[in-house]
1. Put a dot 7 Å past each Cα toward the Cβ at residue 189 and residue 127; how far apart are the dots in nm?
2. Would you list 186, 91, 199 from fewest to most Cβ contacts within 10 Å?
3. Could you estimate the translational diffusion coefficient of region 135-206 from the Stokes-Einstein equation, with Rh from the Kirkwood formula over C-alpha pairs, at 10 °C and 1.306 mPa s, in whole µm²/s?
4. Which of 205, 23, 8, 194 comes first, and how do the rest follow, when ranked by fewest Cβ neighbours within 10 Å?
């Protein structure tokens with residue numbers, strides 16, 4: 001019994017540690033500590049449910065899935081015009097399920113779920129590094145003169161864009177323009193060079 005419990009905790013700890021370190025190295029808002037706590041806590045509840053109520057574990061399973069949902073919601077980061085962190089929130093939720101399945105000694109289900117998590121994250125990283133697919137960026141441009149919207153849009157070529165705000169200071173004869181643009185990661189450096197070459201650009205920030 002003791003060896004079986006220790007094995008379950010060790011497996012969950014190792015899984016969450018490896019994934020948490022990858023998230024931290026990728027500069028995500030939540031690091032390995034949170035993943036370890038969530039997964040090991042869920043594992044502990046799974047172990048307890050097997051000991052206390054081996055024939056009625058559904059109540060604990062439902063409680064864990066619901067409770068971790070609130071924690072995942074806390075991982076969402078909202079700016080004035082954008083919400084991000086959905087992948088992190090979802091990964092916290094699914095890691096509680098990994099911990100729970102291992103705690104219930106469902107190693108096959110837990111391993112399959114864990115493998116899917118890694119497959120999705122690694123493939124997404126590959127797409128981003130290879131410039132395949134699109135990733136939304138926010139661009140804030142400060143100009144030395146009042147410019148037309150079309151002057152800026154030409155920089156984006158055929159990529160999808162959305163105007164967030166367009167501010168004009170007639171006294172200083174300057175503009176501040178914000179856009180959302182969907183571009184491959186490989187295009188970001190090219191966009192920087194294009195902006196630097198424009199004489200009317202006073203400064204810019206790409207988020």
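We did not get these values from a lab; they are worked out from the coordinates using the rules stated. The shown structure was predicted, so the numbers you read here are calculated from the model rather than taken from an experiment. Heads up, the Cβs are rebuilt from the backbone with ideal geometry, glycines too, and the neighbour counts pull from every protein chain shown.
1. Here the modelled spin labels are 2.2 nm apart.
2. 199, 186, 91
3. For these conditions, the coefficient is 129 µm²/s.
4. With the sparsest Cβ surroundings first, the list reads 205, 194, 23, 8.
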